[in-house]
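What follows is a short report on a single structure.
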Amino acid sequence: MKLLYSPGACSLGIHVILEEIGKPFAAERFSTRDGGTYTPEFIAMNPKSKVPTLLRDDGSVLTEFQTIAFWLAKSNPAAKLIPTDLEGETRVLEMLDYICGTIHPQAFTRQFRAVNFARDAEDEPRVVAQGKALAEKYLALLAQSWKGSDWLLPSGFSVADCALFFLERWCLRAGITPPARIAAHYEAMMARPAVARALAAEAA
């Protein structure tokens, strides 16, 4: 398999998942800051021009974080990255959707790409402030509804934790202090060897 990623993007979460699984894979960098996902080479693999993108061994392509995370977890059951019961699996998908479908675009994309939301250049500071306020609101809700102990869900470590991790990295980038529960989760993630390997690979 090959992961197409951009350093510091949400694709970091998929990078961590692949390291957790422990099977051989390749990773190819396409920087979103440099327009790498809009090159003919990338578009030929994923016309959406988005990371993460996963090229599977059979030549097929998977896109969208939630889909890639779900497929990797289900096709590698020995890694135990998703519960085997319906309720547990449903809760992981619920959390993936909230992190990737709500917090990511509404809170952080507003801060990092204000131009996508602003009426004009003068409106961009308002958009950034709105994004920061939403990030703090959503992260507080996440902490208040926390049902696990060290990990996000009571079923234990899962792909949902890998998704939360990329948001935690973005908190550092945006200068946001997360709730104590989420800060503790970040420290627990940083102690995982798979996380260290993914961060080292993306820094190379």
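The values are calculated or read from the model by the stated rules, or taken from the named source; none is laboratory data. Source: prediction; values computed, not measured. Note that we place each Cβ from the backbone using ideal geometry, even for glycine, and neighbour counts take in every protein chain shown. Side chains are part of the model used for accessible areas, which takes the heavy atoms of the whole protein and leaves out ligands, DNA and RNA. Shrake-Rupley method; radii C 1.70, N 1.55, O 1.52, S 1.80 Å.
If you take the residues in region 61-78 that are in contact with a strand residue (DSSP E or B) (Cβ under 7 Å, 6 or more places away or on another chain) and either open to solvent by 50 Å² or more (accessible area, probe 1.4 Å) or of a type in the set (A, V, I, L, M, F, W, C) (or both), which one is nearest to Trp170 (Cα to Cα)? Quick ask: steps written out before the conclusion?
Going residue by residue through region 61-78, those that are in contact with a strand residue (DSSP E or B) (Cβ under 7 Å, 6 or more places away or on another chain) are 61-63, 68, 71.
Filter once more, so that each one left must be either open to solvent by 50 Å² or more (accessible area, probe 1.4 Å) or of a type in the set (A, V, I, L, M, F, W, C) (or both): 61-62, 68, 71.
Values: Val61: 27, Leu62: 24, Ile68: 21, Trp71: 25 Å.
In this case the residue turns out to be Ile68.
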*asked:* Among the residues of region 24-38, are any in contact with a Ser or Thr (Cβ under 7 Å, 6 or more places away or on another chain), among the β-branched types (Val, Ile, Thr), free of Cβ contacts under 8 Å to residues at least 24 places away in the same chain and open to solvent by less than 40 Å² (accessible area, probe 1.4 Å)?
replied: no
*Give Asp150, Asp120 a once-over and let me know the one that is open to solvent by 30 Å² or more (accessible area, probe 1.4 Å), of a type outside the set (Lys, Arg) and at pLDDT below 95.*
Asp150
*Within the bounds of region 79-90, is there any residue that is in contact with a Lys or Arg (Cβ under 7 Å, 6 or more places away or on another chain) and either hydrophobic (A, V, I, L, M, F, W, C) or open to solvent by less than 70 Å² (accessible area, probe 1.4 Å) (or both)?*
yes
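For (1) buried (at least 18 other Cβ atoms within 10 Å of the Cβ); (2) in contact with a Cys (Cβ under 9 Å, 6 or more places away or on another chain); (3) not in a helix (DSSP H, G or I), each residue gets a yes or a no:
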site: Ser155; (1), (2), (3): yes, no, yes
site: Asp161; (1), (2), (3): yes, no, no
site: Pro178; (1), (2), (3): yes, yes, yes
site: Glu187; (1), (2), (3): no, no, no
site: Ala201; (1), (2), (3): no, no, no
_Residue pairs meeting the criteria (Cβ under 6 Å; at least 6 apart or on separate chains; first at pLDDT 95 or above, in region 78-100; second open to solvent by 60 Å² or more (accessible area, probe 1.4 Å))_ = Pro83/Ser155; Gly88/Ser155
*If you go through region 106-115 one residue at a time, do you hit one that is over 24 Å from Glu19 (Cβ atoms) and either in contact with a strand residue (DSSP E or B) (Cβ under 8 Å, 6 or more places away or on another chain) or basic (Lys, Arg) (or both)?*
yes
